[in-house]
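What follows is calculated from the coordinates using simple rules that are stated; it is not laboratory data. The structure presented is a predicted model; accordingly, all values stated were derived computationally and were not measured. Cβ placement follows ideal geometry from the backbone for every residue including glycine, while neighbour counts extend to all protein chains displayed.
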Amino acid sequence: MRVITDLSEVLKIKNNEKQLGFVPTMGYLHEGHLSIVKRAISENDETIVSIYVNPTQFGENEDLDNYPRSIESDLEKLEQAGVDYVYIPKSSEIYPEGFATNIIMPELTKDLCGISRPTHFNGVCIIVLKLCNIIKPNNLYLGKKDYQQLLIIQQLFKDLNVQIKVTGCEIVRDNEGLALSSRNKYLNPEELEVARKLNKILKNEAQLITKDWQNLSASEERIKMEISELGLKVDYVALRTERLRPVTTTICPSKVIILIAVYVGQARLLDNIEIEGE
Ligand code: AMP
């Protein structure tokens with residue numbers, strides 16, 4: 001495995017004879033990341049993973065400085081998984097003096113996570129597009145835990161004719177259903193126990209919806225109430241179509257997704273569940 005920190009070096013790795021898979025991460029790797037990495041390895045001749053805590057996707061009072069980091073053990077995990085390249089960019093090369101671009105996609109980036117994090121997806125779009133332009137992969141792999149992010153990047157690539165296939169990978173959870181996240185590190189044991197109830201609430205609601213599609217409209221409020229009863233602050237609970245449009249009709253859509261963002265102690269945790277229509 002080659003670890004690259006220089007932009008000039010990573011620009012040279014693309015071999016046109018080989019399919020290259022790319023997995024962008026912010027490090028502090030867990031099994032969720034590694035399952036994406038394994039998928040990329042299984043579908044490509046070569047795989048590259050980036051580790052970069054991207055400052056432009058953090059708001060002013062967010063956790064950029066405290067974001068957990070563990071480069072040594074990340075590299076061990078990636079080596080063991082069989083990754084070919086790891087790119088650890090230098091901020092001076094990603095955001096050199098004079099960097100001036102923003103990426104705006106009004107509807108999708110201002111919704112859901114974009115309401116409490118208005119600049120977040122601008123940063124995400126910049127870093128993903130920039131890393132893809134540098135690395136020139138054939139395939140990009142993202143997790144469905146960040147479902148809105150996945151849709152935004154798919155839209156961005158479609159709109160700008162970026163010739164890279166984007167694959168969304170399934171959410172990996174702990175034994176009790178909690179979606180793995182680097183930010184779970186912020187949770188103390190009591191908070192961890194409460195956080196583990198979030199997915200159970202979503203699963204119960206999914207069952208109710210499957211039994212009675214007519215009752216969709218009551219779901220959001222019911223979930224909000226159940227989360228509040230755990231003593232947690234809800235950022236949002238949203239029932240959407242798979243394209244993240246509001247579910248406006250009582251006619252059963254082909255698929256609905258419930259997305260939540262919840263504050264647990266210092267952490268803001270995301271989860272979602274997809275429910276197939278009838
Ligand atoms: P991050 O390091 O949090 O920026 O995540 C890097 C990639 O891993 C993103 O595409 C995330 O959606 C994905 N990811 C994070 N956690 C999980 C998880 N529990 N299951 C699947 N993918 C995940």
Point to revise | Members of segment 84-143 that are part of a loop (DSSP other than H, G, I, E, B), of a type in the set (Ser, Thr, Tyr) and touching a residue at least 60 places away in the same chain (Cβ under 8 Å) | key: Thr119
Exercise for review: Would you point out the residue of segment 146-182, among those that are touching a residue at least 60 places away in the same chain (Cβ under 8 Å) and assigned to a helix (DSSP H, G or I), that is farthest from the ligand (Cβ to nearest atom)?
Suggested key: Leu151
Practice item. Test Gly82 against the stated conditions and say whether it is in contact with a Ser or Thr (Cβ under 9 Å, 6 or more places away or on another chain) and more than 30 Å from Glu220 (Cα to Cα). Key: yes
Study note, to complete from the structure: Within segment 183-224, residues being in contact (Cβ under 8 Å) with a residue 40 or more places away in the chain and under 26 Å from Leu64 (Cβ atoms) number 10
Practice item. Can you tell me which residue among Glu191, Glu226 is under 27 Å from Ser254 (Cβ atoms), away from the ligand (no atom under 16 Å from the Cβ) and out of contact with any Pro (no Cβ under 8 Å at 6 or more places or on another chain)? Key: Glu226
Practice item. Would you mind stating whether Ile227 is surrounded by 17 or more Cβ atoms within 10 Å (Cβ to Cβ), assigned to a helix (DSSP H, G or I) and touching a residue at least 12 places away in the same chain (Cβ under 8 Å)? Key: yes
